[in-house]
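As C-alpha cells, the structure follows; a few thoughts come after it.
The values are calculated or read from the model by the stated rules, or taken from the named source; none is laboratory data. None of these values were measured; they are calculated from a predicted model. Using ideal geometry, Cβ is built from the backbone for each residue, glycine included, and neighbour counts are taken over all protein chains shown.
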Amino acid sequence: MSRPMHRLGSISLLVHDYDAAIAFYVGKLGFDLSEDTDMGGGKRWVRVTPKGGETSLLLARATTDAQKAQVGNQAGGRVWLFLETDDLMRDHGAWLAAGVHFRETPRHETYGKVVVFEDLYGNAWDLIEPATGA
C-alpha cells in the first residue's frame, strides 16, 4: 500500500492590487511569476514563487470590506511567513537597495541568521539563513 503524498502548493495572500504585488514580489524580492491568468470580471489567478521554491503565494485581490481590512494584517501583526535563503546578507543588501523595509538589523540565533522585513502591505516576514551543522 502506498503512502499518501501531500505538499503545500500555495498560500493565499490578500492584496489591494495585483500589479503592485507582482512588482514587489517579482521586482524587489526576485520571486518568479509562476502564473498570471485572467479569470474575467477583473479577477486573476496570480501565483508568485520564491526562486527554487515549490510553495507559491496566490495573490488574492481583496474585494469585500472585510477582506480589505485584513490586507497587511493577515497574522495580526506577528511574523507570518518564513522565507529561507542560502545567503541572508546578500539578500538583505539587495533588498535594502530595492527599497524593502526591514524592522531590524540581521541577527544571529541558534537556528541561524534572521531578519524581519515587511512586504508592500506591512505583513511581517522572517528571512532566515538556517544554521549549518558544525
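For first residues located in the range 80-95 and assigned by TED's automatic domain parsing to the domain that holds A131, partners that are outside any loop (DSSP other than H, G, I, E, B) and among the small types (G, A, S) and lie 6+ apart or on another chain with Cβ distances below 9 Å form the pairs W80/A124; L81/A124; E84/G112; L88/G112.
Would you point out which residue out of R61, R44 is surrounded by fewer than 19 Cβ atoms within 10 Å (Cβ to Cβ), in contact with a helix residue (DSSP H, G or I) (Cβ under 8 Å, 6 or more places away or on another chain) and without any contact (Cβ under 8 Å) to a residue 40 or more places away in the chain?
Just one listed residue meets the conditions, R44.
Considering only the range 27-60, how many residues are under 15 Å from the mean Cα position of the chain (by Cα), assigned to a strand (DSSP E or B) and not hydrophobic (A, V, I, L, M, F, W, C)? So the answer is 5.
Can you find a residue in the range 21-34 that is surrounded by 10 or more Cβ atoms within 10 Å (Cβ to Cβ), touching a strand residue (DSSP E or B) at 6+ places or on another chain (Cβ under 9 Å), farther than 22 Å from Q74 by Cα and among the hydroxyl-bearing types (S, T, Y)? The answer is yes; a qualifying residue exists.
Scanning the range 99-127 for residues that are of a type in the set (D, E), within 19 Å of D86 (Cβ to Cβ) and loosely packed, with under 14 Cβ neighbours inside 10 Å yields a count of 1.
Of everything in the range 2-17 that is at pLDDT 95 or above and under 15 Å from S56 (Cα atoms), the residue that is surrounded by the fewest Cβ atoms within 10 Å (Cβ to Cβ) is S12.
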